[in-house]
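Participant: Provided herewith is a single structure, encoded as structure tokens, for subsequent inquiry.
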Amino acid sequence: MAQNSNYVTVDGEFDSLEKRSFLTIDDYNLENQTIILRIDINSSINPENGDLLDDTRIKRHAATVKELAEMNAKVIILAHQSRPGKLDFVSLKKHGERMSKIINKKITFVDDLYGDKAINNIKKLENGNILLLDNVRFDKEEIKLNKFVNNNFDEQNNSKMVKILAPYASYFVNDAFAASHRCQPSLVGFSESMPALAGRVMQRELDFLGKAISSGPTPRIAVLGGSKAADSVAIAQNFLEKGVEQILTGGVVANIFLMASGVDIGKPSTEFIEKQIPEHKKVINLAKNLLDKYGKRIQIPTDVALNIERKRNGTNIDNLPQNYPLFDIGIDTLVNYINIIEKAGTIIANGPMGVFEDSEFATGTNEIFSAISKSDGMTVVGGGETAMAFNQMGLASGIRHISTGGGACISFMSGETMPALEAMRRSKNKFSN
């Protein structure tokens, strides 16, 4: 095993193999080896002609693919696109063509997964060659075997895909962080039969997200907003338990904490929460427990912007309830939050401060996100809509790390067990001793 990493991270050299809970492609000499590489290049597709509308994920994974090929490894790529029943549930032919152009290397696409056609092409592979097999979700077992049963991966390990493909490879590289909360054969099934290593996208995600939550520069703060309040309250709990110093709340998340603190936020916003958030009483109760336990470490708005006939109208929390919905944080809250952000060593952002899609109520989100992008600290942005908002606002270049994973990022930040990461941990324990 090689242990001289040249992968530079926020702390300089990546943590030692002893401190890491997973293996990386720096831990082995992969030259002339056969690699099964799982990536997530799930992309927006034009349903009329099958053309790719976005290649962001393809570009991100291209670096891992190119690096492995330049190590003279034989690279067998597994990936998925959408799921059965969707209009964009298509083959990966065009994904392969796009990636080939990006890395300026030939990628052979095979419209098969583990049948004779796929195996014959695998047998023909030469060092430095790249083979892309077809959409793993065309395989019924990939869809069906998706549960972490009895704390083991036996079903996935014994799937046809794994049983047939595993004998042809020496290493499994998992670069699909965005799918790591799934428990499907292509993500967890190979980790028992060969060392499972983190690819560059996976390594970067685990590095930045892990350090931001547990060991980034202090003070560490999190900005949690948006409408997925149940997720965000769970994230807040995990962050506070891990030592994140302050949580700044906005959007529906702030409304939940306001209700938990005893504020009547008015009929429109209360009804929205009751209709849109499953088990809202349980979520509010958890928020109340967090406020009782952590007090002022959770920042909630002192003023808000009401939507009165589609116009912004600022008011103090003391003036609630009113019969108008809360659409943004207020100016006093904004000033307070920016002051905290400017002093922060690490900032994790997940969710907007209000209904930022309406320009009348975009002030809170625009100003907070702008302050985050100007920070000299370690800045990490959660995936999905938050990442899209930073991109749309032209602020992405100021962020140290924008996550590739929406649901996976939320699962990681909530402290949930993520099957693909658990499989990598077990693989390290099995193969690094």
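Just so you know, all these numbers are worked out from the coordinates, no wet-lab data involved. Note that the structure is a prediction, hence the values are computed from the model and not measured. Cβ coordinates were reconstructed from backbone atoms using ideal geometry, including for glycine residues, and neighbour counts include every protein chain displayed.
Participant: Check residue 218: other-chain or 5+ apart residues with amide H under 5 Å from its amide H, H built from backbone geometry?
Facilitator: Under 5 Å from the amide H of residue 218: no residue qualifies.
Participant: Here's something else I'd like to know. Considering the options 136, 224, 381, tell which one lies farthest towards the positive end of the dipole of the chain, charges being +1 on Lys and Arg and -1 on Asp and Glu at the Cβ, about the Cα centre.
Facilitator: Result: 136.
Participant: Within a Cβ distance under 15 Å of residue 372, other residues only, what is the Lys/Arg minus Asp/Glu net charge?
Facilitator: +1
Participant: Quick check: the angle from helix 267-276's long axis to the longest principal axis of the chain, C-alpha only, nearest 10 degrees?
Facilitator: Helix 267-276 sits at roughly 20 degrees to that axis.
Participant: Here is a further query. For segment 29-128, take the convex hull of the Cα atoms, compute a quarter of its surface area, and give me that in nm², please.
Facilitator: 6.4
Participant: Determine, for 80, 280, the number of other Cβ atoms within 10 Å of each Cβ, and report the residues in order from fewest to most.
Facilitator: Values: 80 26, 280 18.
Ranked by crowding around the Cβ, least crowded first: 280, 80.
Participant: Say a paramagnetic label sat at a point 7 Å from the Cα of residue 140, along Cα to Cβ; which residues of segment 146-160 have their backbone N under 16 Å from it?
Facilitator: Under 16 Å, as judged by backbone N against the label point of residue 140, lie 146, 159-160 of segment 146-160.
Participant: Same structure, new question: Skipping prolines and chain starts, which residues have an amide H placed within reach, meaning under 5 Å, of the one on residue 381, given they are 5 or more residues away or on another chain?
Facilitator: 349, 401, 402, 403
Participant: Return the sequence-ordered ³J(HN,Hα) values of segment 249-265 in whole Hz as given by the Karplus equation 6.51 cos²θ - 1.76 cosθ + 1.60 applied to θ = phi - 60°, using x for Gly and Pro.
Facilitator: 9, x, x, 5, 4, 4, 4, 4, 5, 5, 4, 5, 8, x, 7, 7, 7
Participant: Please work out the FRET efficiency for the pair residue 302 and residue 342, using the Cβ-Cβ distance as r and a Förster radius of 30 Å; give the result to the nearest 0.05.
Facilitator: The formula returns an efficiency of 0.95 here.
Participant: Averaging over all projection directions, find the projected area of the Cα convex hull of segment 218-376 and quote it in nm² with one decimal place.
Facilitator: 8.2
Participant: Hey, another quick one. Using the crude model of +1 on Lys and Arg Cβ and -1 on Asp and Glu Cβ, and no other charge, please compute the dipole size for segment 218-376 relative to its Cα centre, in debye to 20.
Facilitator: Here segment 218-376 has a charge dipole of around 400 debye.
Participant: How far, in degrees from 0 to 90, does helix 363-374 lean away from the longest principal axis of the Cα atoms of the chain, to the nearest 10?
Facilitator: Relative to the chain, helix 363-374 is tipped by roughly 50 degrees.
Participant: At most 12 other Cβ atoms within 10 Å and a DSSP loop assignment: could you name the trypsin sites (Lys or Arg not before Pro) in segment 259-355 that fit?
Facilitator: 310
Participant: Let me ask something else about it. What is the sum of charges, Lys and Arg at +1 and Asp and Glu at -1, for the other residues whose Cβ falls under 13 Å from the Cβ of residue 62? Don't jump to the answer; show the numbers that get you there.
Facilitator: Working: positive: 57, 59, 60, 66, 98, 101, 105, 200; negative: 40, 55, 67, 70, 97, 175.
That works out to +2.
Participant: Please work out the Cα center distance from segment 182-242 to segment 84-131, rounded to the nearest Å.
Facilitator: If we compute the Cα centre of each part, the gap is 29 Å.
Participant: Normalised by the number of residues in the chain, what is the relative contact order in percent for Cα pairs under 8 Å and 6+ residues apart?
Facilitator: 15
Participant: Hey, another quick one. Which angle between 0 and 90 degrees, to the nearest 10, do you get for helix 331-343 versus the longest principal axis of the chain when only C-alpha atoms count?
Facilitator: With both axes taken from Cα atoms, the answer is about 50 degrees.
Participant: Return 175, 318, 27 ranked ascending by Cβ neighbour count within 10 Å, so the fewest neighbours appear first.
Facilitator: 318, 27, 175
Participant: If you restrict to DSSP beta bridges whose two residues both lie in the chain, what percentage is antiparallel, to the nearest 5?
Facilitator: 25
Participant: Can you give me the orientation-averaged projected area of the convex hull built on the Cα atoms of the chain, in nm²? Don't skip to the answer; put the middle values down first.
Facilitator: Details: hull surface 85.3 nm².
Projected area, direction-averaged: 21.3 nm².
Participant: Provide 38, 200 in ascending order of the number of other Cβ atoms located within 10 Å of each residue's Cβ, fewest first.
Facilitator: Arranged by neighbour count, lowest to highest, 38, 200 become 200, 38.
Participant: Less than 10 Å Cβ to Cβ from residue 105, Lys/Arg counted +1 and Asp/Glu -1: what total charge do the surrounding residues give?
Facilitator: +2
Participant: Which value in nm describes the separation of the simple spin-label points at residue 267 and residue 88, placed 7 Å from the Cα toward the beta carbon?
Facilitator: 4.0
Participant: Can you list, bin by bin at 10 Å, the percent of alpha carbon pairs in segment 344-433, starting at 0?
Facilitator: Pairs per bin, as whole percents: 16, 39, 26, 13, 5, 1.
Participant: Let me ask something additional. Say a site is exposed when it is one of the GluC sites (Glu not before Pro), sits in a DSSP loop, and has at most 15 other Cβ atoms within 10 Å; what is then the longest site-free stretch of the chain?
Facilitator: Values: sites that count: 18, 31, 48, 126, 279, 309, 357, 416.
Between exposed loop sites, the widest span is 127-278.
Participant: List every residue whose amide H lies under 5 Å from the amide H of residue 37, counting only residues 5 or more places away in sequence or on a different chain, with H placed 1.01 Å from N in the peptide plane.
Facilitator: Under 5 Å from the amide H of residue 37 lie the amide H atoms of 76, 77, 78, 173, each far enough along the sequence or on another chain.
Participant: Here's something else I'd like to know. List, in order, the whole-Hz ³J(HN,Hα) value for each residue of segment 133-141 obtained from phi through the Karplus relation with A = 6.51, B = -1.76, C = 1.60 and θ = phi - 60°; use x for Gly and Pro.
Facilitator: Result, rounded to whole Hz: 7, 6, 2, 4, 7, 6, 8, 4, 5.
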